[in-house]
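The values are calculated or read from the model by the stated rules, or taken from the named source; none is laboratory data. Fair warning: this is a prediction, and the values are worked out from it, not measured in the lab. FYI the Cβ positions are ideal-geometry reconstructions off the backbone, even for glycines, and counts take in every protein chain you see. Areas reflect the complete protein model, heavy atoms only, side chains present, ligands, DNA and RNA absent. Shrake-Rupley method; radii C 1.70, N 1.55, O 1.52, S 1.80 Å.
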Amino acid sequence: MAPRKRKNTSNDVAAKSNVTISTKEETNDEKSAKLKQREKLDTHVSKAAIEAAKSAHFVPTLLVITILVCSGALAILSYRDLVGTGKIIFGPRDEAMLEFTASRKWFDASRGWKSKQGGFSAVEQMTTDDNNMGGFFVRKLAGATALSYHLQKLYPIIFQSANVHFGRGDYSPMLVTSVIGNFCIAGFYLSHFDDFKSSGAEEMGFAIVAALIIEAIIIAGFLLTLTLKKPTLKAKDCALPEGKGPKSIVSKIVCRTVLIVSGMISVIAGRDFFFPGQELPFPPYDDIYLEWTGAFIHSPPPQSAEAEEYGLEAPLYIGDLFISRLAALYLLVISFQKLVGGCLVRVGKDNSGIAKCRMFWQVQCISDALILFTLRVFASAAKSASLDLRWHIMSIGYEFFILLLCGWM
C-alpha cells in the first residue's frame with residue numbers, strides 16, 4: 001500500500017489569507033472612493049444650494065446698477081432743487097432747464113461761502129412781489145417730492161433687509177409702482193417737449209426722459225422674468241399675527257391714516273396737475289394758496305378777474321406752470337405708492353406682507369419728514385400772505401408719526 005501524501009495546509013492557509021487581505025483592501029479602496037465621490041456631490045449640492053439662496057435673496061446686479069445710475073442721477077438733481085435751488089451742476093444743459101423753470105432767481109453766489117445760494121437760508125419771513133416766496137416754495141416742494149420718489153427705489157436696493165427676498169417677490173409692489181411712476185413722469189416731460197425746444201432745454205429734458213424710460217423698461221423686464229419663471233423661494237405657510245389672515249391688511253391704522261391724509265393731498269395735487277388755477281370749494285384758504293403759489297398768474301381761471309389781469313401774460317410763465325404741475329405729479333405718485341403699501345398689500349400665507357409694506361413705510365416716513373420740514377420753513381412766509389399752514393403741518397406730521405412707528409419700530 002502506497003504511503004499517503006501530506007497536504008500542504010500551510011500554503012493553502014497563506015493563499016487564502018492573501019486573498020482575503022486583497023479583497024479587504026479592494027473593498028476599503030472602493031469605500032474610500034465612494035466616500036470621496038459622495039463628499040464631492042455633497043459639496044456641489046451645498047454650493048448649488050448656497051448659490052440658489054443668494055440668487056433668491058439678492059437683487060440682480062444689472063437691476064441694482066440700473067437703479068443706481070438712473071435714479072441716482074435724478075436723485076442728485078432733486079436734492080439740488082431741494083437744498084440749492086438754481087445751482088448749476090450738469091453744465092449748460094442743466095442751466096437751460098433751470099432758466100426754463102425760472103429757478104435761478106433765488107440763487108446768489110456773489111458773496112462766496114457767505115452766499116445763500118438757493119438754500120433754505122434764502123427763505124424770507126415776509127412774502128413780497130419781489131422775493132416771490134410762493135414760487136420758491138413750489139420749487140422746494142418739487143425737489144422734496146422728487147427726492148422722495150427716487151429714494152423709494154434707491155433705499156431698499158442699497159439697504160436690503162435680511163428678511164426681504166427678491167426671488168420671493170418682496171420687491172414686486174415697489175418695482176411695479178416705480179414702473180408706473182416712471183412712465184407717468186416721462187410722459188409729462190414729453191408733453192412739454194415743444195416748450196423745452198423753444199427755450200433750449202430739450203437736451204436736459206431728453207436725458208431725464210431717457211433715464212426714466214430705460215430704468216422702467218429694465219425693471220419691467222426683471223418683473224416679467226420673475227413672474228414667468230418658477231419662484232426660487234416658495235411661499236410656505238407660517239404662523240401669522242394674531243387676528244390676521246393671508247388676505248388681511250397688514251396695518252389698519254396705516255391704511256386709515258393714508259386714506260385720510262394722502263387722500264386729501266391727492267385731491268389738491270390732482271387739482272394742481274389737471275386743473276391748475278381752479279379754486280376748490282372745501283379746503284380753507286384755497287384761493288390764497290393759489291395766489292401765493294402763482295397759480296393765478298400762470299393759469300388764470302377763464303372768465304375771472306385774474307384772467308383779465310394775467311391772461312395775456314400767462315404764456316410767458318410756462319416754466320412756472322411746468323414746475324407746479326411737476327410737483328403735483330410727484331405728490332400724486334407718492335400718494336399712489338402710499339395707497340399700495342398701506343391698503344393693497346396683504347399679509348400673505350408666508351407673512352411676507354410686513355416686509356413688503358415696511359419697504360414702503362420706511363422711505364415714506366423720510367418723504368413726510370422732507371415735506372414737513374419744507375412746510376415748516378415756509379410757514380412764516382405763508383402766514384404773511386394770510387395762508388395758515390398749521391393744518392397741513394399737523395396732518396402730515398400725524399402721518400409721519402404713524403409711518404415712523406410701523407416702519408422703523
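In a residue-by-residue description of the stretch 340-360, the property of being assigned to a helix (DSSP H, G or I), within 20 Å of Asp287 (Cα to Cα), of a type in the set (A, V, I, L, M, F, W, C) and open to solvent by less than 20 Å² (accessible area, probe 1.4 Å) applies to no position. Against the list (1) part of a helix (DSSP H, G or I); (2) under 23 Å from Ile334 (Cβ atoms), the condition Gly169 fails is (1). Could you please let me know if Leu389 is under 30 Å from Met126 (Cα atoms) and over 22 Å from the mean Cα position of the chain (by Cα)? The answer is yes for Leu389.
Taking the stretch 85-104 as the range and being without any contact (Cβ under 8 Å) to a residue 60 or more places away in the chain, surrounded by 17 or more Cβ atoms within 10 Å (Cβ to Cβ) and not in a loop (DSSP other than H, G, I, E, B) as the test, the residues that pass are Glu95, Leu98.
May I ask you to verify whether Ser78 is touching an Asp or Glu at 6+ places or on another chain (Cβ under 7 Å), open to solvent by less than 70 Å² (accessible area, probe 1.4 Å), within 29 Å of Ser178 (Cβ to Cβ) and at pLDDT 95 or above? For Ser78, the condition - touching an Asp or Glu at 6+ places or on another chain (Cβ under 7 Å), open to solvent by less than 70 Å² (accessible area, probe 1.4 Å), within 29 Å of Ser178 (Cβ to Cβ) and at pLDDT 95 or above - is not met. Looking only at the stretch 384-397, decide whether some residue is in contact (Cβ under 8 Å) with a residue 12 or more places away in the chain, open to solvent by 10 Å² or more (accessible area, probe 1.4 Å) and touching a strand residue (DSSP E or B) at 6+ places or on another chain (Cβ under 8 Å). No, every residue in the stretch 384-397 fails to be in contact (Cβ under 8 Å) with a residue 12 or more places away in the chain, open to solvent by 10 Å² or more (accessible area, probe 1.4 Å) and touching a strand residue (DSSP E or B) at 6+ places or on another chain (Cβ under 8 Å). Scanning the stretch 65-113 for residues that are aromatic (Phe, Trp, Tyr) and touching a Gly at 6+ places or on another chain (Cβ under 6 Å) gives Phe100, Trp106, Phe107.
Of all the criteria given as (1) out of contact with any Leu (no Cβ under 7 Å at 6 or more places or on another chain); (2) within 30 Å of Leu290 (Cα to Cα); (3) open to solvent by 10 Å² or more (accessible area, probe 1.4 Å); (4) among the aliphatic types (A, V, I, L, M), the one not satisfied by Ala328 is (3). Would a scan of the stretch 133-143 turn up a residue that is within 17 Å of Asp320 (Cα to Cα) and in a loop (DSSP other than H, G, I, E, B)? The answer is no, given that none of the residues of the stretch 133-143 is within 17 Å of Asp320 (Cα to Cα) and in a loop (DSSP other than H, G, I, E, B).
Taking the conditions (1) at pLDDT below 90; (2) closer than 30 Å to Phe193 by Cβ in turn, Ser55 satisfies each one other than (2). Asp130 passes every criterion in (1) open to solvent by 10 Å² or more (accessible area, probe 1.4 Å); (2) assigned to a helix (DSSP H, G or I); (3) without any contact (Cβ under 8 Å) to a residue 24 or more places away in the chain; (4) of a type outside the set (S, T, N, Q) apart from (2).
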